[in-house]
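Working notes for the structure below.
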Amino acid sequence: MKLKFKKWTEEEFFEMREEVLKGWPTGAEVDLEEAVKYHKALPESKSFSKKLMDAKKRGITLAQPRAGVALIEQHIELLNFLDKEGGADLLPSTIDSYTRQNKYENCERGIEESKKAGRSLLNGFPGVNHGVKGCREVVEATNLPLQLRHGTPDARLLSEIMIAAGFTSNEGGGISYNVPYAKNVSIERTIRDWQYVDRLVGWYEEHGVSINREPFGPLTGTLVPPSMSNAVGILEGLLAAEQGVKSITLGYGQCGNLIQDIAAIRSLEEQANEYFEKEGYKGIELTTVFHQWMGGFPEDEAKAFGVISNGASAAALAGATKVIVKTPHEAIGVPTKEANAAGIRATKMVLNLLRGQQLSTSPELEEDIRIIKAETKCILDKVYELGNGDWAVGIVKAFEQGVLDVPFAPSIYNAGKMMPARDNVGKVRYLSVGNVPFTQELIDYNKAQLEERGKYEGRPVNFQMTVDDIFAVGKGTLIGRPE
Ligand SMILES: CC[C@H]1O[C@@H](n2cnc3c(N)ncnc32)[C@H](O)[C@@H]1O
C-alpha cells in the first residue's frame, strides 16, 4: 500500500487486518462487534477520553503512573495498589520489551518462568500473550480508565487485543515509537502501521466508542528541544485525526527550565489546534500530558522525590491535563509497587497544593512561546513542502533530510546532525541546527542564548556543554556547569 496521508477505507483496513490477527493465536479472540458492545457496557468512569475532558473542563491535572508486570494476578494487584495507596487518577499497563519487538515466544517463556520464580521476570505486561480474555480480567478487576503504554514500532496486534479487552487509551505513534525505540525500522513502515492503529480507533469512534490516542511526547527524553518534540507531536496528532481519532492527548517531556516548559505545553496545545482547524478536522478533543523528567535520575531517593515534585509543579503550573509520574526507583529499574505509589502520592500532594494556580503570563513566557511556535512552524512548513501537501510523505522525506531530527535517537533513519545544549538558565537550545530549516533570526537567537552561558562559564560554546548537561540531573543540578 503506497504511503499517503489519507484515511484508509474500511476495505483497506479489513484487508490488512486478516494478516495482523494471525500474528499470535490470541488474535483470534478479537471480535470487534463484541468489543463495541463490551465498551458500551463499561461504566463512564472507565473512559479515558471522558476523564481527560472532565479534568480539562475543571482545570485540574491528573496523575498517571507507569506500571506493568508479567502475570495477570500480580498486575491487577499492582494497579489496584497504585489506585488505592498511590491515588492514581488513571492507570497504565506498561508493556514488556519482548512484546514491543513482537517476540511473543519469548513472552511465553517469560510468563512460565515468572510463574516458577513467583515474581515478574518480564519488565512489563505481555498483553498479546494474555489475549483479550486475560486483559479483560485486568479491566474487570480495576476501577479506573486503563491505557496501554509501550514503545512498539508494530503495535497493530497489541492494540487490537488490548482495545478489544476494554482499554480505552493507547500511547504511541509512527514516529515517536520508532525513532527513539528502534534501530532499523523504516519511518515509512511505522507510519503505515500506526495509520492502522489509528484507523482501528477511527472504526471504534464510528461505532460510538471513544478511544484516546496519546503520541509519545518525550521521544529520547534527552535534551529534545521543545519545538522538535512539539513538531513531532503535532504531526502524529494530524496522522491520528486523519484516520478518525477524536480524543488526542499530545505530550511533552519536561526539560527543566520552568518558563520554557510551560511555554512548550501552551505552544503545543495552541499550535496543534491551529493545524487541526487548518486541516478541517472537527470535534477533536485535545488534551496535553506533561512527562516528569525523562533523563537520568539521582539514585538518592530523597533527591529523586525532589525531581518528581519539581515535575509535578511544572505540570500543574503549565495547566497540563495529565502528568506522567516517575518513581524514586527510576535510577535503579522497574520500581516496587510501594515506590511507585510513593511517587504518585508526592505528585498528588503537589498537584493538590497548586490546584487552581496556573502561571500567569509574563514577557519571558510570551517570548518563549513566540520562539517555540516560530521554530515549530519552520519545521512543519518544510515537512508540508517536502510532501507536496502530503504530511505522511513529507515526514519520511523530512527525516531523510534531517529536517526532523531527534537528538540521541538510535534509529538509522534519524540524521543525528542537530545537537542541543542548555543556555545559562537551563533552557534547551539548538547548539547546532544541522539541517533543521530555521530562519537566520532563529539560528542567531539560539546562538546568542548559548553564548551567554559560554561567557558566564568562561568556556567555548560546544558539545562539551551537551555532555555535561546529559549527566547534570543525575549528579544533582540542571545545568552541567564545568567542574
Ligand atoms: C518510558 C520510560 C519510563 O518507563 C518506566 N518504566 C518502564 N517499564 C516500567 C514498569 N514495568 N513499571 C514502571 N515503570 C516502568 C521507566 O522507569 C522510565 O521511567
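Quick note: the coordinates plus some simple rules give every number you see, no bench work behind them. This structure is a prediction, so every number in the text was calculated from the model and none was measured. Using ideal geometry, Cβ is built from the backbone for each residue, glycine included, and neighbour counts are taken over all protein chains shown.
Answer rounded, prolate or oblate for the stretch 186-230, using the Cα gyration tensor with square roots of eigenvalues a ≥ b ≥ c: rounded when a/c is under 1.5, else prolate when a/b is larger than b/c, else oblate.
Working: a/c = 4.00, a/b = 1.84, b/c = 2.18.
Oblate is the answer for the stretch 186-230, as a/c is 1.5 or above yet b/c matches or exceeds a/b.
If I take R0 = 45 Å and measure r between the Cβ atoms of GLN464 and LEU353 in this structure, what FRET efficiency does the formula 1/(1 + (r/R0)^6) give, to the nearest 0.05?
Result of the calculation: an efficiency of 0.70.
Quickly estimate the mean residue ellipticity at 222 nm for the chain, helices only: each DSSP H run with n ≥ 4 gives -39500 (n - 2.57), and the total goes over all residues, rounded to 500.
Calculated mean residue ellipticity at 222 nm is -16500 deg cm²/dmol.
At a threshold of 8 angstrom on Cα-Cα distance, excluding pairs fewer than six apart, so keeping six or more, what relative contact order does the stretch 343-483 reach in percent?
15
Tell me, what is the FRET efficiency for ALA374 and LYS40 to the nearest 0.05, using R0 = 41 angstrom and their Cβ-Cβ distance as r?
FRET efficiency, ALA374 to LYS40: 0.35.
Counting DSSP beta bridges in the chain, what percent are antiparallel, to the nearest 5?
Of those bridges, close to 15 percent are antiparallel.
Between GLN440 and PHE471, what FRET efficiency comes out of the Förster formula 1/(1 + (r/R0)^6) with R0 = 30 Å and r the beta carbon distance, rounded to 0.05?
Result of the calculation: an efficiency of 0.40.
Need one number: nm distance between label points at GLU338 and GLU18, each 7 Å from Cα along Cα→Cβ, rounded to one decimal.
Each label point is offset 7 Å from its Cα along the Cβ direction, giving 5.5 nm.
In the P(r) worked out for the chain, what percent of Cα pairs fall beyond 35 Å?
Across the chain, Cα pairs with separations above 35 Å total 27 percent.
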